[in-house]
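Input: a single structure, listed below in structure tokens.
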Amino acid sequence: MAEQLEHLLAVMALPAVSLGVIPFTATRTMWPAGTFNIFDDVEAGVELLSAQVTVTTPTEIGLYAQAFDRLGSFAVHGAPARALITRAAASLE
């Protein structure tokens, strides 16, 4: 896990990367039901326990985009995110 956290710190500096971290202390009004990736406005991938599902229906992609925006509103970015990742990595030592 330490190497994964170090990798996150490295990629945060890339200009095309926006990385947000939801702190444990964040007040949330929703929790993700599963892992998902939004590739563009025509395809999303949803990882279930037993399969990877490709979603192509525009209304369903819209639901995942809304969930992404809501989850993103709980996240911190930039220096606060870097500090959380750095503390997590230090706790593994």
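Tabulated data
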| item | result |
| --- | --- |
| Which of Gln66, Gln4, Val21, positive extreme of dipole for the chain (C-beta unit charges) | Val21 |
| Derived scalar couplings ³J(HN,Hα) [the stretch 50-64; Karplus, 6.51 cos²θ - 1.76 cosθ + 1.60; whole Hz; x for Gly, Pro] | 10, 6, 9, 10, 9, 9, 10, 6, x, 5, 6, 4, x, 5, 5 |
| Order by protection proxy (mean Cβ within 10 Å, highest first), peptides 53-60, 67-74 | 67-74, 53-60 |
| The chain - percent relative contact order, Cα under 8 Å, separation 6 or more | 37 |
| Dipole magnitude of the stretch 1-79, debye to nearest 20 (Cβ charges: Lys/Arg +1, Asp/Glu -1, about Cα centre) | 320 |
| Segments 84-90, 25-31 sorted - mean Cβ within 10 Å per residue, highest first | 84-90, 25-31 |
| Nearest 10 degrees, 0 to 90: helix 78-91 Cα axis against the chain principal axis | 70 |
| Hydrodynamic radius of the chain per Kirkwood, over alpha carbon pairs, in Å | 14.9 |
| Principal-axis tilt of helix 2-11 within the chain, Cα atoms, nearest 10 degrees | 80 |
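Computed from the coordinates by the stated procedures, all read-outs in this text should not be read as laboratory data. Fair warning: this is a prediction, and the values are worked out from it, not measured in the lab. Virtual Cβ from ideal backbone geometry, glycine too; neighbours counted across all protein chains shown.
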